[in-house]
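Q: Quick one: structure below, then a few questions.
Bear in mind that the values in this text are calculations on the coordinates, not laboratory data. What you see is a predicted model, and the numbers here were worked out from it, not measured in a lab. Note that each Cβ is placed from the backbone with ideal geometry, even for glycine, and that neighbours are counted across all protein chains shown.
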Amino acid sequence: MIEFALAMPLLLVVFLGGWTGGLLVDGRVIGAEAVRAGATTAAALGDGSASATPETQAQVDQQVVAATVAVAKQMPHTTLRELDIYRPVPNDPNSGAFDSANDLFDRFTFNGQASWVPDPTQQSFLLVYRTQQPPDKIQVLVGVHLVWNYDPPSASQSVHLRLTEDAVMPLQKTPSHPSTPGISVSGIQGNVYAMANAGDPMWDLNFNANPHPSPQFSQAFPVINFDPYKGAITGCSSVVVNQDTHPFTDVNPADCSTLPVQGGGFEAGCNPPGQPCASASNTINASQFPGAFCMVIRATFHIAAPGSYTFRIFSDDGWILGIGPGGNSGLGKASPDPSQTLVHNWPSPPAAYHYTAAAGSPSPAAGYPVVAAWNAPSSPAARTFGVDFPEAGAYPVELDYMEIDDNDLSLTIGTQYANPIPAQP
C-alpha cells in the first residue's frame, strides 16, 4: 500500500500526459484536414471568374476562410490565431510550406469574437495571380497556412503550444474567355528623366517648361513589365527581378530575358539604402532620394477587334495613360469605359504642382487624351480600368511613370486575361 501511494503521482502524470498527448495528436490530424479543405476551395475558386458573377478578392478569400474554419473548429482545446491564403514562389525549395518573406499571401486573424479579420497590410495575393492557363510552364499552387494554440486540458500542464499546418493544391485551369478581344504592343521606347525635386513628378514641373527637358537617356524595351511583383512570372524560375530589386528592370515572360533600365552611365532606381547599383557611374537624381526618377514610355497598341478592354496596371508609384487617335482609319478615338473609370490625383499636391490628370486632358509629353491615371504615390498595388476602342488597328500610347523614393518600384500593364500585354508577333 505504501509503495502504491508513492507511485500514484507518477502514474497520474503518465496517464494525464498520454491523454493530453492524444488530444494534441487529434488536433494535428484535424488541423491537416482543415487546411486541405481550405486549399481545395482556393484551388477551385481561382480568381473568382468562374462564378456566374465574377467575385472580388475579399469574396473569394472569405469562402476559403469559411471552408478552413468549418473543420478547424472541431480541434480539441484549441485557440485559432491566424490564417494565411498564399501562393508559394515558383520552384519553392520549401516544397510549398508557407514563407512570409517570399510568398504572396492574404492574412486573416481571429478577433476572439467568432470573426476573422483581414490584415490590411498583408493582402498581396491578388486575383491576377490566381490563374492557371496555357502556356504557363509551371503549375501554379495555392496554399492555406493555419496557426493555433493548443491549450492542454489538465491544470497540471502549464505548457501552451503554438502549432501550424500547411496544405497546397494545384490551381484548377481558369476558364477561357473567348469574348475578350486580343491586344499586343510594339515600338516601346522609354525616356528616363531625373526628378526636378525629391518626390516631384517631372510632368508637374519639368513638362510645364518650354521647351521640354532632355532625358537622361532613352531605351527600347520588348514589353512593359518592369520589376513585376514577386511570383508574377510563373515560367521563369531563374529570374530574380521583383519590386524589391534594383535597378528598374524589364522582364519578358516570353523568353525569360531581363533588361535593366540604363544608359549613359545611369541606371534607373539606383542607390536605395543597402542596395547600391554597383554598375552605375551615376545615379539618376542627386536629390534627397537618389532612387527617384520618371519615365515617359511611348508605344503602339494593336487592337484585334473593336470593343471595351479591361486593363490592369500594377505599380509603385504613379502613372498616367494617354492614347492617341488610331485604328484602321487613323481617326478612331479611344475613350474611358464609363463602367470602369479610374482617374486619381494627389489629394493635396504642393503648390508647385501644375499638372492634374483628367479624362480627355492631354498627356504631359505627347498630348494624347488621358484615359486613366493614378497620379499619386502608391505602395505596390494593382488597379483596373476600362478603355473603349471604336475600331481595330494601331493606336499610339503614352504611359508616364514616376518613382518618388528609393524603396519598392514596379510597373506592369496588362489586360484582364494577360499580364503583361504581349509583344506584337
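Q: If I model a spin label at ALA58 and VAL25 as a point 7 Å from the Cα along the Cα→Cβ vector, what separation in nanometres do I get?
A: 4.4 nm
Q: Another question, then. Using θ = phi - 60° and the Karplus relation 6.51 cos²θ - 1.76 cosθ + 1.60, list the HN-Hα couplings for the range 307-318 in order, rounded to whole Hz, with x at every Gly or Pro.
A: Values per residue, Gly and Pro as x: x, 9, 10, 8, 9, 10, 10, 9, 8, 7, 9, x Hz.
Q: Full-extension gain between GLN189 and ASN102, please, as 0.36 nm times their residue separation minus the C-alpha to C-alpha distance.
A: Roughly 28.2 nm would be gained on extension.
Q: Please report MET169, MET295 as a ranked list, fewest other C-beta atoms within 10 angstrom at the top and most at the bottom.
A: Ascending number of Cβ neighbours within 10 Å: MET169, MET295.
Q: Given H placed 1.01 Å from N in the peptide plane, which residues other than close sequence neighbours of LEU104 have an amide H under 5 Å from its amide H?
A: Distant-sequence amide H within range of LEU104: ARG87.
Q: Quick one: which residues, 5 or more positions from SER49 or on another chain, have an amide H under 5 Å from its amide H? H modelled 1.01 Å from N in the peptide plane, none for Pro or chain starts.
A: So SER49 has HN proximity to GLU55.
Q: Sticking with this one: Stretched out fully, how many nm does the piece from GLN122 to ALA366 gain, at 0.36 nm a residue minus the Cα gap?
A: Extra length from GLN122 to ALA366 when fully extended: 84.0 nm.
Q: To make sure I understand, if each residue's beta carbon is the centre and we count other beta carbons within 10 Å, what order do CYS270, CYS294, CYS256, CYS236 fall in, fewest to most?
A: The fewest-first ordering by Cβ neighbours comes to CYS256, CYS236, CYS270, CYS294.
Q: Under 5 Å between amide H atoms, partner at least 5 residues away or on a different chain: which partners does ASP151 have, H built in plane at 1.01 Å?
A: THR78, THR79
Q: Using the Karplus curve 6.51 cos²θ - 1.76 cosθ + 1.60 with θ = phi - 60°, work out ³J(HN,Hα) for each residue of the range 68-83 in order, rounded to whole Hz, and write x for Gly and Pro.
A: These are the phi-based 3J(HN,Hα) values: 5, 5, 4, 8, 5, 5, 7, 5, x, 6, 10, 10, 6, 10, 8, 9 Hz.
Q: Continuing with the same structure: Taking 0.36 nm per residue of sequence separation and subtracting the Cα-Cα distance, how much length would be gained by fully extending the chain between ASN111 and LEU331, in nm to one decimal?
A: 73.5 nm
Q: Karplus couplings for the range 26-39 from phi (6.51 cos²θ - 1.76 cosθ + 1.60, θ = phi - 60°), rounded to Hz, Gly and Pro as x?
A: 4, x, 5, 5, 5, x, 5, 5, 5, 5, 5, 5, x, 5
Q: Further question: Under a crude label model (7 Å from the Cα following the beta-carbon direction), how far is ASN149 from ALA70 in nanometres?
A: Each label point lies 7 Å from its Cα, and together they span 2.8 nm.
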